[in-house]
Amino acid sequence: MNSYIKQVLDDLRARYPWESEFLQATEEVLESISPLIEAEPKYQAQKILERIVEPERVVMFRVPWVDDKGEYHVNRGYRVQFNSAIGPYKGGLRFHPKVTLSTLKFLGFEQIFKNSLTGLPMGGGKGGSDFDPNGKSENEIMRFCQSFMTELYRHIGPDTDVPAGDIGVGGREIGYLFGQYKRIRNEFNGVLTGKGLNYGGSLVRPEATGFGASYFAKEMLKVRNDSLEGKTVAVSGFGNVAWGVCQKASQLGAKVVTISGPDGYIFDPDGVGTKEKWDYLEEMLVIDRNKVENYAKKFSKAKFVPGKKPWEQKVDIAMPCAIQNELNGEDAKVLVANGVKIVVEVSNMGCTPEAWKYFIEQKIPFAPGKAANAGGVATSGLEMTQNSMRLSWSAEEVDQRLHEIMSNIHKSCLETAAKYGEPGNYVVGANIAGFKKVADAMIAQGLV
């Protein structure tokens, strides 16, 4: 490892020893950009690494709210505004009981380079709360969202920071957050993305992450003179991201045979490939977002496997879509032994370092999340554009632009990897391509 990179990482570990997810994310990026740092000494001279690993701003606040029984609760709210060198901060809000500052710093750091790869003018940020929407009533969720926005509103804006949804934050939550922002600021603008279609949202946005990842998988196979036609796919999760993959991968000729939840996974030999099944995935999130077993009760040919992960199934393509570090080294060995052809990381940092390094060692093409899942934020960027222009595009136009963006990201990853001596390495290609644009902008703007 480059000595400069090693020193930066050592300093980070000493400063934030408890932030394991954030340290994991910075190690992955900084180690893989070593060829660029060696080739261009200006980044060390300008202390770009020391600057880019520190957020420009971290906002942390309490979120008091009242439940339906009149009892008071207090959660913690966060917004990590990581880097605005190429545009306003952009990144989701996550409501999940395991949200910590480390989680959001890792997500915000990844977002910098993901947004850079899209080619759109968006900086990196992330936010959320340790609030758990599961099991809460509509009114409780509304009251929480209103309380959360009552503090957050002063730190965001269409030209400053544009949050979106993430785990636990869907169209319902975005609606309540947007309503409260509009009420406080007396402004109707594109301050949030993922909005409803009747108040400034974009067609294809809910499906965009999964659609984009499917397009990326298509491009990975295309350069190998192959296609998605007839391929079997293992997907984890059953939320918006998995839902989008199930739809688009099926439309492109593949068969998605698994989905999963905290309770286990589903194996569906017929594939999760019909509108009835896609609609039921949405319904399952309302019934119980912690339970995937309901799918097997609805569709008799599907088998529920409790307490296990879908990576034990023999498939052509693995697409983790749930949460960070969900696919580990042992899972990777099973997939490779079963003949997996490509691995597309759709969740943020969904594979542990042991897993993705093993795939690369075994010459299995591996796409990191910051490249493969960029379709979600790319379509959020398209929603911002539509809001600024005061118009809306058709689903076909949005989907076409999304496909074009994902094709360009794929091309950029491969070209950059080859240029810096790592042909076919999507991790190196994505990290260097994403980093270089942001770093050069930081240098151009001076020491700020």
Verdict on Phe238 being more than 21 Å from Val334 (Cα to Cα), assigned by TED's automatic domain parsing to the domain that holds Leu335, of a type in the set (Phe, Trp, Tyr) and assigned to a helix (DSSP H, G or I): no
When you go through Glu415, Glu383, Glu404, Glu422 one by one, which is the residue that is closer than 23 Å to Glu110 by Cβ, in contact with a Pro (Cβ under 8 Å, 6 or more places away or on another chain) and among the acidic types (Asp, Glu)? Glu422
Scanning for something in a strand (DSSP E or B), in contact (Cβ under 8 Å) with a residue 60 or more places away in the chain and touching a Ser or Thr at 6+ places or on another chain (Cβ under 8 Å), does region 8-26 turn up at least one residue? no
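One line per residue, one yes/no per condition, for (1) of a type in the set (Asp, Glu); (2) in the same structural domain as Leu221 (by TED's automatic domain parsing); (3) part of a loop (DSSP other than H, G, I, E, B); (4) farther than 15 Å from Gly434 by Cβ:
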position	(1), (2), (3), (4)
Trp356	no, yes, no, yes
Phe359	no, yes, no, yes
Gly376	no, no, no, yes
Leu382	no, no, no, yes
Ser388	no, no, no, yes
Trp393	no, no, yes, yes
Glu396	yes, no, no, yes
From the list Lys114, Lys90, exactly one residue is assigned to a helix (DSSP H, G or I), assigned by TED's automatic domain parsing to the domain that holds Pro17, within 16 Å of the chain's Cα centre (by Cα) and over 20 Å from Trp18 (Cα atoms). Which is it? Lys114
Might you let me know whether region 272-286 holds any residue that is within 18 Å of Gln247 (Cα to Cα) and of a type in the set (Lys, Arg)? yes
Failed item, numbered, when Ile364 is tested on (1) more than 17 Å from Ser236 (Cα to Cα); (2) not in a loop (DSSP other than H, G, I, E, B): (2)
Checklist (1) out of contact with any Leu (no Cβ under 7 Å at 6 or more places or on another chain); (2) at pLDDT 95 or above applied to Pro320, failing item: (1)
Consider region 246-273. How many of its residues are assigned to a helix (DSSP H, G or I) and either touching a Cys at 6+ places or on another chain (Cβ under 6 Å) or of a type in the set (Gly, Ala, Ser) (or both)? 2
Could you tell me which of the residues Asn139, Asn189 is surrounded by fewer than 18 Cβ atoms within 10 Å (Cβ to Cβ) and part of a loop (DSSP other than H, G, I, E, B)? Asn189
Output the residue which, of all residues in region 420-448 that are under 17 Å from Arg51 (Cβ atoms) and among the β-branched types (Val, Ile, Thr), is nearest to the chain's Cα centre (by Cα). Val438
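The values are calculated or read from the model by the stated rules, or taken from the named source; none is laboratory data. Small disclaimer: the values here were computed from a predicted structure and weren't measured. Quick reminder, even Gly has a Cβ in these numbers, built from the backbone with ideal geometry, and neighbours come from all protein chains shown.
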